[in-house]
1. Taking square-rooted eigenvalues a ≥ b ≥ c of the alpha carbon gyration tensor, is the stretch 83-189 rounded, prolate or oblate, where a/c under 1.5 means rounded and, failing that, a/b exceeding b/c means prolate?
2. Grab the other residues whose beta carbon is less than 12 angstrom from that of E30, score K and R as +1, D and E as -1, and report the net.
3. Relative to the present Cα-Cα distance, how much length would full extension add between E34 and Q108 at 0.36 nm per residue of separation?
4. Tell me whether the chain comes out rounded, prolate or oblate; compute the Cα gyration tensor, take square roots of the eigenvalues as a ≥ b ≥ c, and use a/c under 1.5 as the rounded threshold.
5. I want the local charge near S184. Using Cβ-Cβ distances under 12 Å, sum +1 for each Lys or Arg and -1 for each Asp or Glu among the other residues.
6. Taking a probe of 1.4 Å, how large is the accessible area per residue of the stretch 151-263, in Å²?
7. Can you list the lysines whose alpha carbon sits under 23 Å from that of K37, skipping same-chain ones fewer than 8 residues off?
8. Hey, can you list the DSSP H helices of the chain whose Cα span along the axis is 27 Å or longer and whose average Kyte-Doolittle score is at least -1.0?
Amino acid sequence: MTRDTDALCVPSGPVTDALLQVSRLPGVTEACDEARKAVDRLRGHRMLRRKSVEVSTESLLRGARASAELEGASAHLEEVRSGKASHPLVQGALRISQELGSLVGTWQVAPPQVLARLHVLGARDAVDSALLGRPRESGTPAPAEVSARLSGLTSLLTAPSTAPAVVVGAIVHGEIMALRPFGSADGLVARAAERLTLISRGLDPKALVAPEIGHAELDYDDALKAYLTGTPEGVAVWIRHCASAIVVGARDSQAICEAMQRG
């Protein structure tokens, strides 16, 4: 990524100001508002008064399948649900989804620890065990740059900010995808980190929404390429994409609620 993106995402000045600057990029406020409205509509569904755990469980499962698909590991939903999907990355995505709720508190205070844990869960059986949870030692960007920018990302996540959760989650997701800190299963880690951010920052505290589904249905690759340009315009494209992915995920969970209501 270019220095423009470094300036946006790993600022030298106040973190809150930097996040608010990003949230004011063209179309971002409107996209975040639409995402919040979609989540609020879902959270108002009467089935959630007694079935929120079931909806969350199904959403996490469907999100895991979509995240694995984006990582190149496809499986039918029923195979995933029954435990018959054998691809290591599908199994890794499922392990992440099962442990996500227990990581929220740590994510708020020690993001690097959680990123390492997500990689252990996601890449187990896909890479040598000695590499699990460990930063890669070669490749591009250079490991030293990765370390510095992850430190900046930690500052973003642990400093107070009034920026929308959608913006913070999008930046977290985009930076991890840009840095590829582990060299394997980084997409699983990035998408889980985005979802953790949405949960911990109050947009979706019960983990009802699977933005991974939206990422899989929308033009994920082109939106990510826009972010990787490091321009304000590219970053705005990416954040708007992430907001749209949340809208799609909320609609999917709304459909889950409707199916449960019909019995």
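1. In terms of gyration-tensor shape, oblate.
2. So the surrounding residues net to +2.
3. Here the segment from E34 to Q108 would lengthen by 24.1 nm.
4. oblate
5. Value of the local net charge: 0.
6. For the stretch 151-263, the solvent-accessible area averages 31 Å² per residue.
7. Counting by Cα, and skipping residues close in sequence, K37 has these lysines nearby: K51, K206.
8. 48-70, 232-262
The values are calculated or read from the model by the stated rules, or taken from the named source; none is laboratory data. Note that the structure is a prediction, hence the values are computed from the model and not measured. So basically every Cβ, Gly included, is an ideal-geometry build from the backbone, and we count neighbours across all protein chains shown. We work out accessible area using only protein heavy atoms, side chains counted, and drop any ligands, DNA or RNA first. Shrake-Rupley method; radii C 1.70, N 1.55, O 1.52, S 1.80 Å.
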